[in-house]
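See below for the structure under consideration.
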Amino acid sequence: MLLASAVVVWEWLNEHGRWRPYSPAVSHHIEAVVRAGPRAGGSVVLGQVDSRLAPYIIDLQSMNQFRQDTGTLRPVRRNYYDPSSAPGKGVVWEWENDNGSWTPYDMEVGITIQYAYEKQHPWIDLTSIGFSYIIDFSTMGQINRQTQRQRRVRRRLDLIYPMVTGTMPKTQSWPVSPGPATSSPAPPCSCPQCVLVMSVKAAVVHGGTGPLQPPAARKNMALSGVGKLPQPPAPGAKPLDTTGTIRGPGKTAPSQVIRRQVSNAPAAATVGSPASPQGSNRKTGRVALATLNRSNLQRLAIAQSRVLIASGVPTVPVKNLNGSSPVNPALAGITGILMSAAGLPVCLTRPPKLVLHPPPVSKSEIKSIPGVSNTSRKTTKKQAKKGKTPEEVLKKYLQKVRHPPEEDCTICMERLTAPSGYKGPQPTVKPDLVGKLSRCGHIYHIYCLVAMYNNGNKDGSLQCPTCKTIYGVKTGTQPPGKMEYHLIPHSLPGHPDCKTIRIIYSIPPGIQGPEHPNPGKSFSARGFPRHCYLPDSEKGRKVLKLLLVAWDRRLIFAIGTSSTTGESDTVIWNEVHHKTEFGSNLTGHGYPDANYLDNVLAELAAQGISEDSTSHEKD
């Protein structure tokens, strides 16, 4: 037994054998269900706290995460950390993906980085914990020791993870001993959805042959596990054994879990039917789940789906109930019954169809876009402007500060009244000079700004590391290619009153230039031509014009590592999201999406592209 105070972080095992932390909000939600004990049902619906995790459920009995639409299982664990470490202070360290989004480090890595940061070390080498990276706090960058590639890192504040105090077992199984009851259970919700779910639960629990099972036996009816957003783990992957971690059984296959649930589950009742009265012959008209064949289970699941859909219960699709898929139709039927018995507001249904492209369009139906000249645009490989030193470039944007304030330089974290703490290649300026950016007014060591500029694209522009204000014209490293754009006579979902702007990007594979991660090495270009869609509305045309500016400035694509496939040295999207689904929104890259146009305008503005930009660029 351990007598201590600690913060609790819930984590899941990814396909690479790394334990990845849930967010503080999700960990608080899971912890609340754990502390509620058996009356909470033994399952945690993650979509209740984070809509992005809607397909996922955690089963506390088996300590697995289960993805409802694919059947993917992943181990989860409840891990303890020092309250004085990063999770106990709400500090999250993240690195920037190739697509511009931010990913948190593993908890152990984040704690190591935070410790070095608090000790005011200029940098931290992560080799000792198994990662070939250096974190440079002066530039807030991550440097790959092998390739010298750099990524941005950031430190942000979030909720503090849940705290536990007192005697904690090194390992324990759910449910945790609830101790003496302090209050009576809250009355059940009376909304139609909850009434329906509770009636299904009562029908299944009371409708079996034999006496009603006690809670300790009924808890086996909970779903076993949940899968998270990444792909399934490699075959043979096992949960790690860490002190202070609650783990589920690591050797139980999904099929074995389901068979054990079937053997312990009561017989099936007609969906929505009341419990049989005492003394009635419960065997009449009942069929044990274990005796149902594939077709019976399939019909039962579909019938249940119709009842739940008619009652307004949200649906969770299971792929292809009629054919082969990651989810066996029998598993789909059993899952529907068990989810209802556990009181989970979900049902099984066939998924909607993915529609990536519009119906065929003839050449005569393709039209140019009013107000936008031409129908295509090419880019060539442009080199960064030469002839000006970094000091000469920054001189245009800075005002010297003779009497610096008693504040920290947010690049090197040293006082502005002291010399710069940057320890990299030595710029030619003096380390104690201080300058103020002319538009936003933020103050830094000039020495630090020169170092930051040298680590960037060196295109004559500068971006304030504090407020992201852009000075000059920001350009990217997009390889040569072609952008086509025209009107097609079809409407997008959510935009029935207008036609559609279709954009086609074409980029061939080639050789990386000096501005790319690996100069002289070949790069691939997967998935081209890429088709994207905008509504032909006033705002849609505005977005198109700004995308043309972004294309000319080489900001639409970059060369890096694909977050989808993991392939390196390939063409990837670069911080400006596009819609690649024409008639659906199953992947999140389609319509309807009421906020998309506003979101992409904000992303373009973050790149320094606004309506003012179009007056300085070719139409």
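The values are calculated or read from the model by the stated rules, or taken from the named source; none is laboratory data. Being a predicted model, the structure only gives us computed values, none of them experimental. Cβ: placed from backbone, ideal geometry, glycine included. Neighbour counts: every protein chain shown. Only protein heavy atoms, including side chains, enter the accessible area calculation; ligands, DNA and RNA are left aside. Shrake-Rupley method; radii C 1.70, N 1.55, O 1.52, S 1.80 Å.
Some observations on this one:
Here is a yes/no grid of residues against (1) farther than 25 Å from CYS448 by Cα; (2) surrounded by 15 or more Cβ atoms within 10 Å (Cβ to Cβ); (3) out of contact with any Phe, Trp or Tyr (no Cβ under 8 Å at 6 or more places or on another chain); (4) without any contact (Cβ under 8 Å) to a residue 24 or more places away in the chain:
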residue	(1), (2), (3), (4)
ALA86	yes, yes, no, no
TRP95	no, yes, no, no
TYR105	yes, yes, no, yes
GLN114	no, yes, no, no
PRO122	no, yes, no, no
ARG154	no, no, no, no
ILE160	yes, yes, yes, no
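- Cβ pairs under 9 Å, 6+ apart, first in region 416-444 and closer than 16 Å to PRO122 by Cα and assigned to a loop (DSSP other than H, G, I, E, B), second open to solvent by 60 Å² or more (accessible area, probe 1.4 Å) and aromatic (Phe, Trp, Tyr): LYS423/TRP123
- Residue-level check: of (1) crowded, with 17+ Cβ neighbours inside 10 Å; (2) without any contact (Cβ under 8 Å) to a residue 24 or more places away in the chain; (3) under 18 Å from the mean Cα position of the chain (by Cα), GLN48 misses just (1).
- The set of residues in region 121-146 being farther than 19 Å from TYR422 by Cα and either assigned to a strand (DSSP E or B) or in contact with a Pro (Cβ under 7 Å, 6 or more places away or on another chain) (or both) is empty.
- Residue within region 51-60 that is open to solvent by less than 10 Å² (accessible area, probe 1.4 Å), in contact (Cβ under 8 Å) with a residue 12 or more places away in the chain and of a type in the set (Ser, Thr, Tyr) present: yes
- Checking every residue in region 323-332 against the condition of being at pLDDT below 75, touching a Gly at 6+ places or on another chain (Cβ under 6 Å) and not in a strand (DSSP E or B) gives at least one match.
- Scanning region 29-39 for residues that are over 20 Å from TYR161 (Cβ atoms) and either open to solvent by 30 Å² or more (accessible area, probe 1.4 Å) or at pLDDT 85 or above (or both) yields a count of 2.
- Subset of region 580-593 that is modelled with pLDDT of 90 or more and farther than 13 Å from CYS532 by Cα - its residue that is nearest to the chain's Cα centre (by Cα): ASP593
- Of the numbered criteria (1) surrounded by fewer than 22 Cβ atoms within 10 Å (Cβ to Cβ); (2) modelled with pLDDT under 90; (3) in contact with a Leu (Cβ under 8 Å, 6 or more places away or on another chain), the one GLY100 fails is (3).
- The numbered conditions (1) in contact with a Gly (Cβ under 8 Å, 6 or more places away or on another chain); (2) open to solvent by 40 Å² or more (accessible area, probe 1.4 Å); (3) acidic (Asp, Glu) are all true for GLU118 except (1).
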